[in-house]
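Asker: I have a structure here, written as structure tokens, and I will follow up with some questions on it.
The values are calculated or read from the model by the stated rules, or taken from the named source; none is laboratory data. Computed from a predicted model, the values in this text were never measured in an experiment. Quick reminder, even Gly has a Cβ in these numbers, built from the backbone with ideal geometry, and neighbours come from all protein chains shown.
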Amino acid sequence: DTEVTQTPKHLVMGMTNKKSLKCEQHMGHRAMYWYKQKAKKPPELMFVYSYEKLSINESVPSRFSPECPNSSLLNLHLHALQPEDSALYLCASSQVSISNQPQHFGDGTRLSIL
Amino acid sequence: KQEVTQIPAALSVPEGENLVLNCSFTDSAIYNLQWFRQDPGKGLTSLLLIQSSQREQTSGRLNASLDKSSGRSTLYIAASQPGDSATYLCAVPHGSGNTGKLIFGQGTTLQVKP
């Protein structure tokens, strides 16, 4: 069982819908990440939060809006998505946002845009 | 610009074989290198993290080596089992390594046949 929990596991939404993806960890980690992964490709970093502050935004379109309410929770708010946004969205966490700390991943949310 | 390459893209072996997965990177000034495993439809599991000062790391049947000067890492799997079937990804930190951002290879998909 993964120590990073993502909900929902699957999400189907229309292009005009608003939905949110949720991620939770209770390992006391202070860095959390959102990745997007297309089929047969490696994960692509979207956002990094360090101590609840956004530290990296990889030029992600504004239809994706991250939120970090506290050190254990990370949300990704979705609005007016496009069909090409269909992908596996992965959340990860690490003790701090330096690269000698291994990242722990959740099992992802499989998102389909109709 | 750092680039990470994994060869082969796919590998199929009979159960019991020892095998080697390869990872190469273009900029040898890395802080560490991580190997991950991903099962279909799941998140990534960190297998081994080798710091730049280390030559190898071992965990059970897995052994990862790092040769910074030649820009190479290998993941050795001993006595392969069907349960080892998965995609294996290597990753190195981006830039100074103080952001948590990783650069992934494209992965090697391993199938171990009973």
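Asker: Going by the conditions given, is B:Leu11 over 19 Å from B:Ile103 (Cβ atoms) and either surrounded by fewer than 12 Cβ atoms within 10 Å (Cβ to Cβ) or touching a Ser or Thr at 6+ places or on another chain (Cβ under 7 Å) (or both)? Full working, then the answer.
Answerer: Details: over 19 Å from B:Ile103 (Cβ atoms): yes; either surrounded by fewer than 12 Cβ atoms within 10 Å (Cβ to Cβ) or touching a Ser or Thr at 6+ places or on another chain (Cβ under 7 Å) (or both): yes.
Against the criterion (over 19 Å from B:Ile103 (Cβ atoms) and either surrounded by fewer than 12 Cβ atoms within 10 Å (Cβ to Cβ) or touching a Ser or Thr at 6+ places or on another chain (Cβ under 7 Å) (or both)), B:Leu11 qualifies.
Asker: Under 24 Å from A:Lys36 (Cβ atoms) and either of a type in the set (Phe, Trp, Tyr) or not in a strand (DSSP E or B) (or both): does that describe B:Tyr88? Before you say what the answer is, go through the steps one by one.
Answerer: Working: under 24 Å from A:Lys36 (Cβ atoms): yes; either of a type in the set (Phe, Trp, Tyr) or not in a strand (DSSP E or B) (or both): yes.
When the stated conditions are applied, B:Tyr88 passes them.
Asker: Scan segment B:21-42 and give yes if some residue there is under 27 Å from A:Thr5 (Cβ atoms), surrounded by 15 or more Cβ atoms within 10 Å (Cβ to Cβ) and free of Cβ contacts under 8 Å to residues at least 12 places away in the same chain, otherwise no.
Answerer: Initial filter on segment B:21-42 (under 27 Å from A:Thr5 (Cβ atoms)): B:32, B:34-42.
Restricting the remaining residues to those that are surrounded by 15 or more Cβ atoms within 10 Å (Cβ to Cβ) gives B:32, B:34-38, B:42.
If we keep only those that are free of Cβ contacts under 8 Å to residues at least 12 places away in the same chain as well, we get B:42.
Checking segment B:21-42: at least one residue is under 27 Å from A:Thr5 (Cβ atoms), surrounded by 15 or more Cβ atoms within 10 Å (Cβ to Cβ) and free of Cβ contacts under 8 Å to residues at least 12 places away in the same chain.
Asker: What residue, among those in segment A:73-94 that are buried (at least 16 other Cβ atoms within 10 Å of the Cβ) and not hydrophobic (A, V, I, L, M, F, W, C), is nearest to A:Lys36 (Cα to Cα)?
Answerer: Per the stated criteria, the residue is A:Tyr89.
Asker: Just wondering, is there one or more residues in segment B:52-66 that are of a type in the set (Lys, Arg) and surrounded by fewer than 16 Cβ atoms within 10 Å (Cβ to Cβ)? Let's see the steps before the verdict.
Answerer: Initially, segment B:52-66 is screened for residues of a type in the set (Lys, Arg), giving B:55, B:61.
In the following step, the residues that additionally are surrounded by fewer than 16 Cβ atoms within 10 Å (Cβ to Cβ) were identified as B:55, B:61.
Scanning segment B:52-66 turns up at least one residue that is of a type in the set (Lys, Arg) and surrounded by fewer than 16 Cβ atoms within 10 Å (Cβ to Cβ).
Asker: Anything in segment A:16-37 that is at pLDDT below 95 and of a type in the set (Asp, Glu)? List them, or say none.
Answerer: none
Asker: Output the residue which, of all residues in segment B:67-82 that are among the polar types (S, T, N, Q) and more than 17 Å from B:Leu47 (Cα to Cα), is surrounded by the fewest Cβ atoms within 10 Å (Cβ to Cβ). Spell out the reasoning first.
Answerer: Taking segment B:67-82 first, the residues among the polar types (S, T, N, Q) are B:69-70, B:73-74, B:80-81.
This time we only want the ones that are more than 17 Å from B:Leu47 (Cα to Cα), so: B:69-70.
Working: B:Ser69: 6, B:Ser70: 10.
Per the criteria, the residue is B:Ser69.
Asker: Failed condition for B:Leu48, given (1) over 11 Å from the mean Cα position of the chain (by Cα); (2) assigned to a strand (DSSP E or B); (3) without any contact (Cβ under 8 Å) to a residue 60 or more places away in the chain; (4) at the interface with another protein chain (Cβ under 10 Å from one of its Cβ atoms), with all others met?
Answerer: Every condition holds for B:Leu48 apart from (1).
Asker: Here's something else I'd like to know. Could you check segment A:11-78 for strands (runs of 3 or more DSSP E) lying wholly inside it with 1 or more residues that are out of contact with any Ser or Thr (no Cβ under 9 Å at 6 or more places or on another chain) and more than 30 Å from B:Ala9 (Cα to Cα)? Even if it seems obvious, please write down each step before you answer.
Answerer: Working: elements: A:18-25, A:31-37, A:44-50, A:53-57, A:64-70.
Hits in segment A:11-78: A:18-25, A:53-57, A:64-70.
Asker: Answer with yes or no whether B:Thr99 is at pLDDT 95 or above and β-branched (Val, Ile, Thr).
Answerer: On the way: at pLDDT 95 or above: no; β-branched (Val, Ile, Thr): yes.
It is false that B:Thr99 is at pLDDT 95 or above and β-branched (Val, Ile, Thr).
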